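Everything below concerns the one structure shown next.
Derivation of every value follows stated rules applied to the coordinates shown; laboratory data play no part. Fair warning: this is a prediction, and the values are worked out from it, not measured in the lab. We place every Cβ from the backbone using ideal geometry, glycine too, and count neighbours over all the protein chains shown.
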Amino acid sequence: MSNRAPQPWLKPGVFVGALVPLIVIAGRGLRGELGANPISQALNQLGLVALIFLVAALVCTPLKTLVGWTWPIRLRRMLGVFAFAYAALHFLTYVVLDQTFDWRAIIADVTKRRFIYVGFSALMLLIPLAVTSTNAAVKRLGFVRWKRLHRLAYVVPILGVIHFTWRVKKDVREPVTYAVVLAVLLLIRAATFLRARRSGSSSQRSGEG
Ligand code: HEM
């Protein structure tokens, strides 16, 4: 297999798969199968899909570190962009269908309801990540600055989980599940970082000796 394009079906396959939730939600909506409160249901489902993509984008690097799989890394950018697209659709559903462009109510919600404020912040932080998701942007910013900016990829799902927890109020089992997954991913990341730093400084010491 060529080094440049192993598993050529991988990216197109994941791309098509990533559109399935949208098709399913839109289809259910059009057929009137979203229950008594279809707007709220569509809103919740799009938000949940956005959160799942955010977490999926973060799983790619640990899979390489822990299991040695490199192919998920090639999907990371696409998963992140889909997370942004679903979060944007979630927001648009809120603005267009839920609030019917009532900007006063929207501003009041964003400033006064803490769960909406946190969701809005998550979306705002996703914008620079989506805008700088191209190879050209990596070149323009320089890899070090680009990498520093993309650490926000950890902050956004944390805000997403807080947004989810504050929204559900009582039964927090589902958001807590996402919080646990995120905590594990962050721990793996921190452990890899510390190990790399320690081995870097010990090789520096042996270089000096
Ligand atoms: C990265 C950004 C965001 C993520 C990951 C996200 C995720 C979620 C999740 C997981 C839920 C609950 C789903 C469920 O209960 O099954 C939710 C609900 C909700 N989100 Fe977001 N959200 C984001 C941004 C926003 C923004 C920008 C707004 C509006 C300004 C917003 C407004 C809402 C509202 C109003 C609900 C509750 C809907 C209802 O109960 O009818 N979210 N979101």
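A few points about this structure:
- Along the stretch 180-197 the Karplus relation, 6.51 cos²θ - 1.76 cosθ + 1.60 evaluated at θ = phi - 60°, assigns HN-Hα couplings of 5, 4, 5, 4, 4, 4, 5, 5, 4, 4, 5, 5, 4, 4, 5, 5, 5, 5 Hz to successive residues, with x for each Gly and Pro.
- Relative to the Cα centre, the charge distribution of the stretch 10-194, modelled as +1 at Lys and Arg Cβ and -1 at Asp and Glu Cβ, gives a dipole magnitude of about 700 debye.
- In degrees, nearest ten, helix 10-30 long axis to first principal axis of the chain (Cα): 10
- Taking a straight line from the alpha carbon of residue 112, these lysines sit under 22 Å away, with near neighbours fewer than eight places off in the same chain left out: 169, 170.
- Here the Karplus relation 6.51 cos²θ - 1.76 cosθ + 1.60, evaluated at θ = phi - 60°, turns the backbone of the stretch 57-65 into coupling constants of 5, 7, 6, 4, 5, x, 5, 6, 5 Hz, with x for every Gly and Pro.
- The long axis of helix 114-131 is offset from the longest Cα principal axis of the chain by roughly 50 degrees.
- When the Cα positions of 123, 172, 136 are compared along the charge dipole of the stretch 10-194, 136 comes out farthest toward the positive end, with charges on each C-beta of Lys, Arg, Asp and Glu.
- If you sort the three axes of the alpha carbon gyration tensor as a ≥ b ≥ c, you get a/c of 1.5 or more for the stretch 10-194 and a/b above b/c, which makes it prolate.
- Rounded to the nearest 10 degrees, the inclination of helix 152-168 to the longest alpha-carbon principal axis of the chain is 30 degrees.
- Peptides 70-83, 172-185 ordered by packing proxy, namely the average of other Cβ atoms within 10 Å per residue, highest first: 70-83, 172-185.
- Taking the stretch 69-98 and a reference point 7 angstrom along Cα→Cβ of residue 41, the backbone N atoms nearer than 16 Å belong to 98.
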